[in-house]
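To keep things clear, I will list the structure first and then write my remarks on it.
Where a number appears in this text, it was derived from the coordinates with a stated rule and is not lab data. These numbers come from a predicted model, not from an experiment. Neighbour counts are summed over all protein chains in view; Cβ atoms, including those assigned to glycine, are modelled from backbone coordinates with ideal geometry.
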Amino acid sequence: MRVNVIEFEPIGRRGECPEDESLLDSARRLDVDIVRLCNGVGTCGRCKIQIVTGEVSPITAKEKEVLTVKETDRNYRLACLTRPLGNVKVHVPPESLTAPQRTQVEGLEIDATPEPSFQSILLEITPPTIEKQTADETGFLAALNRNRNRNQTDSAAAAPGFDLEALRRMPQLLRAENWRARAAIRNNEVIAVEGASTRWCGLAVDIGTTKIAVYLVDMENGKTLASKGLMNPQISYGEDVVSRIYAASRSEESADKLQTLLVEALNESIALLCAEAGVDRLSVADAVIVGNTAIHHLFLKLPVSQLGLAPYVPALRSAIDVKARDLGLETASGAYVHLLPNIAGYVGADHVAMILGTRLAESSGVTLAIDIGTNTEICLNNRGEMASVSCASGPAFEGAHIKHGMRAAPGAIEHVRISDDKPVIQTIGGEAPAGICGSGLLDAAAQMRLNNVMDSTGKILPHPGVRVREDGMKEFVLAERPGREDITISQKDIRELQLAKAAIRLGIRALAEEMGIAESEIDEVIIAGAFGTFIDVESAITIGMLPPLPRERFRQVGNAAGTGARLALISMTERRKATEMASRVRYVELAVISDFNQKFAAASAMTEL
């Protein structure tokens, strides 16, 4: 029997697959975790893949029922019903991957020409002698002039000044490195001097309300050397930004603690990433950090009380550069941190980074970009005119306020289908069910709606899978656990989900109304954010969270704010783009739209109106 070579993108797995084995079974052997709710019989339609190159078995009748004509035209297949007839390269879209591997999709490289904020210059300094007692700074500048002349730059350029910490470090380093050094010079300031073999790195950080994404980037080629995701430690002061604004406003001590928590987490991440990449933290010569306006202000220790009071204005809207050490970050001696501009009190630098990372501003049609999280930001580009809104979607998508809710971790129910009145579940890692995460909650609600377990108002109806608790609360049983409490979805859980999804849908409708267009005119919907990567788009449409557009108009892109932060890190052109784009975005205040209560109630419906 012939054995074929199968390559799965963008996971980077490659291995052999016999002709009598399905691509789903091959993926399982190669540790590519493709969703398989029906265990490979072709009924759930969740294992969609795209054949990039190579020949595979003919499409089956069952696949034609599940896949759209557009999908089949683009070589989409169901992995469980497709066998290789030769060497095959397969693309696995994000929605077909389980949660742990979708985080790898977020690490895709970005396309931008490196244009860092500083020059990297290799210098050979003439050491002082007893006869010629040249000061270290004088010898350094002389070597710099020789370098400029050799490279035909302006030899008459003004001598750079020195960051004080870089100057303090230089004498000992020059002697330890035999008078060869690599300098980082920014805006005619020597911000760092290290050994000749130093590879300058940069740090890109997206600080979310719940999670933080940190990337260590090679500043010479723009490649990501290492990345790390972690929880935002500020969550101990509240799951939402309003709680943290209140905490910081109570006392200077609380504000200091909120900033210190972030700095300590980032410094720990810097140490871990540098160790993983085999570089020294002193090689980190630049950083770009983004977050919502409240996180931005807390990180800079700017006052935040005005963010919680009408008219909810930021203290700072413009982009800013700050010495990393002034914020407490442990990087190169004189490294700077660049923070992208904010747009409004609840639309911050992370939203600007998302617009930059998705190339939304370059769209010529009607494009909607949604960054789903504890606080969801939405931007609509209507043929070059952009408007944004912020939605307090709350922490339900992270499993908070849900009785059996949990974050996306092993054992979390992440996908649900109801078949013959019984739930079929898939957990992260295939482990015994421990709870339900946001994507599973969304799936469960959609399936309950489709199978008449609840009505369009969100009310749970009589059903074989529904039971009534002692307190009178109805709940739908997702997973029975003998000897332990069963995992259920209660009426209260549904109400929490309705609040979250209604805020998002109302935001979309408000932007469409502001632009004077119908939702049906939207050409593309870009879904960003960690949670946005995990959701089943069809489930989100079913419960009315997203507009009922053809599935091919939706694109899930992962952590776009992190992508935007990396673009701004490696390219000054991208930073200028970000500032220009931020100035073009019109902010829509959701709380003051006409007939807010009625519109919110309509957006709460668990079906498309």
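Most exposed first by the Cβ proxy, i.e. fewest other Cβ within 10 Å, how do Val389, Val347, Val66 rank?
Val66, Val347, Val389
Could you work out the relative contact order of the stretch 529-609? I mean the mean sequence separation of Cα pairs under 8 Å and 6+ apart, divided by the number of residues, in percent.
So the answer I get is 45 percent.
Could you point to the label whose value was computed as Kirkwood radius over Cα pairs in Å for the structure here, given (1) 27.4; (2) 26.2; (3) 32.4?
Given (1) 27.4; (2) 26.2; (3) 32.4, the structure-derived one carries the label (2).
GluC sites (Glu not before Pro) within the stretch 447-495: which are DSSP loop residues with at most 16 other Cβ atoms inside 10 Å?
Of the GluC sites (Glu not before Pro), the ones in loops of the stretch 447-495 whose Cβ has at most 16 other Cβ atoms within 10 Å are Glu470, Glu480, Glu485.
What order do you get for Val241, Val525 when you list them from fewest to most C-beta neighbours inside 10 Å?
Least to most surrounded, the residues fall as Val525, Val241.
Of the listed pairs Lys211/Lys323; Lys48/Lys599; Lys474/Lys501; Lys492/Lys599; Lys228/Lys323; Lys257/Lys403, which have alpha-carbon separations greater than 27 Å here?
With Cα atoms farther than 27 Å apart: Lys48/Lys599; Lys257/Lys403.
Taking the Cβ of each residue in Cys379, Cys17 as the centre, tally the other Cβ atoms inside 10 Å and list the residues starting with the fewest.
So the ranking, lowest neighbour count to highest, is Cys17, Cys379.
Helix 136-150: angle to the longest alpha-carbon principal axis of the chain, degrees 0 to 90, nearest 10?
70
Considering Cα pairs under 8 angstrom that are at least six residues apart, work out the relative contact order of the chain and quote it in whole percent.
Once divided by the residue count of the chain, the mean separation gives 13 percent.
Counting Lys +1, Arg +1, Asp -1, Glu -1, what net charge surrounds Glu574 among other residues with beta carbon under 14 Å of its beta carbon?
Net charge in that neighbourhood comes out at 0.
Starting from the Cα gyration tensor of the stretch 215-296, take the square roots of the eigenvalues, sort them a ≥ b ≥ c, and report rounded, prolate or oblate (rounded when a/c is under 1.5, otherwise prolate if a/b is larger than b/c, else oblate).
Verdict is prolate for the stretch 215-296.
Tell me what the chain gives for mean residue ellipticity at 222 nm when only DSSP H runs of n ≥ 4 count, each as -39,500 (n - 2.57), the sum divided by the residue total, rounded to 500 deg cm²/dmol.
That calculation yields -9500 deg cm²/dmol at 222 nm.
What relative contact order, as a whole-number percentage, does the stretch 313-382 give when Cα pairs under 8 Å and 6 or more residues apart are counted?
22
Using the Cα centre of the chain as the reference point, and only Cβ charges (+1 on K/R, -1 on D/E), how large is the resulting charge dipole? Debye, rounded to the nearest 20.
It comes to approximately 140 debye.
Using Cβ-Cβ distances only, list the Cys residues of the chain with no partner cysteine under 4.7 Å, sorted by number.
Cys17, Cys47, Cys80, Cys201, Cys274, Cys379, Cys391, Cys437
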